[in-house]
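Participant: First the structure, then my questions, so here it is.
The values are calculated or read from the model by the stated rules, or taken from the named source; none is laboratory data. The structure presented is a predicted model; accordingly, all values stated were derived computationally and were not measured. Cβ placement follows ideal geometry from the backbone for every residue including glycine, while neighbour counts extend to all protein chains displayed. Please note that ligands, DNA and RNA were not included when accessible areas were found on the heavy atoms of the full protein model with its side chains. Shrake-Rupley method; radii C 1.70, N 1.55, O 1.52, S 1.80 Å.
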Amino acid sequence: QVQLVESGGGLVQAGGSLRLSCAASFSNYLIGWFRQAPGKEREFVAGISWRGTSTDYADSVKGRFTISRDDAKNTVYLQMSRLKPEDTAVYYCAAATTMRVHTMAGAYNYWGQGTQVTVSS
């Protein structure tokens, strides 16, 4: 059974850091991170190809967030630094069978349950 489990969310002050983890029950999938704030659409945050050779970031997080993967652990990480209140959202990881990182949620086949990130000002 395909499963994705996010962890690492929490409450942090603006300027602080958090590391999210996405543990997968499978390997060799492209992984993307998305987020959804109340009243807003789900948006792409970052993605990494299944070999880790290609990454992509939303403009709003470039230079602050870093996506990486540890294939030995079937885990993808999202290191978030210099957090801002506008980063507050539920963060989801998703898996896709495509070779290229996609920013559209519809390209992803499997989703985790999400983890809440709250950044206080």
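Participant: What accessible area, in Å² to the nearest ten, does a 1.4 Å probe give for residue 54?
Facilitator: Taking all protein chains as shown, residue 54 has close to 50 Å².
Participant: Okay, moving on. Quote the relative contact order of region 1-61 in percent (integer), defining contacts as alpha-carbon pairs under 8 Å separated by 6+ residues.
Facilitator: Once divided by the residue count of region 1-61, the mean separation gives 23 percent.
Participant: So, one more: Among residues other than residue 28 whose Cβ falls under 10 Å from its Cβ, what is the net charge (Lys/Arg +1, Asp/Glu -1)?
Facilitator: Counting the neighbours of residue 28, the net charge comes to 0.
Participant: So which lysines can residue 62 reach, going by Cα to Cα under 19 Å and dropping same-chain residues fewer than 8 places off?
Facilitator: 84
Participant: If you don't mind, another one. Under a crude label model (7 Å from the Cα following the beta-carbon direction), how far is residue 11 from residue 70 in nanometres?
Facilitator: Each label point lies 7 Å from its Cα, and together they span 2.8 nm.
Participant: Hey, what's the chain come to in accessible area per residue, 1.4 Å probe, Å²?
Facilitator: For the chain, the per-residue accessible area is 52 Å².
Participant: Turning to a different aspect of this structure: Assigning unit charges at the beta carbon (Lys, Arg +1; Asp, Glu -1) and nothing else, what dipole magnitude in debye, to the nearest 20, does region 24-121 show about its Cα centre?
Facilitator: 100
Participant: Name the trypsin sites (Lys or Arg not before Pro) in region 45-92 that are in a loop by DSSP and that have at most 15 other C-beta atoms within 10 Å, would you?
Facilitator: Details: sites: 51, 62, 64, 69, 73, 82; in loops: 51, 62, 64, 73, 82.
Within region 45-92, the qualifying trypsin sites (Lys or Arg not before Pro) (loop, at most 15 other Cβ atoms within 10 Å) are 51, 62, 64, 73, 82.
Participant: Say the dipole of the chain comes from +1 at the beta carbon of Lys and Arg and -1 at that of Asp and Glu; which of 106, 13, 45 then lies farthest toward its positive end?
Facilitator: About the Cα centre, the residue reaching furthest to the positive side is 13.
Participant: By how many nm would the segment from residue 53 to residue 98 grow when fully extended, if each residue of separation counts as 0.36 nm and the alpha-carbon distance is taken off?
Facilitator: Result for the pair: 14.8 nm of gain on full extension.
Participant: So, one more: Which percent of the accessible heavy-atom area of region 7-57 goes to carbon and sulfur, probe 1.4 angstrom?
Facilitator: 43
Participant: Once phi is turned into ³J(HN,Hα) by the Karplus curve 6.51 cos²θ - 1.76 cosθ + 1.60 with θ = phi - 60°, what whole-Hz value does each residue of region 11-25 show in order, with x for glycine and proline?
Facilitator: 9, 9, 7, 4, x, x, 9, 8, 10, 8, 10, 10, 8, 10, 8
Participant: Looking at the square roots a ≥ b ≥ c of the eigenvalues of the Cα gyration tensor of region 64-120, which shape do they give, rounded for a/c under 1.5, prolate if a/b is larger than b/c, or oblate?
Facilitator: prolate
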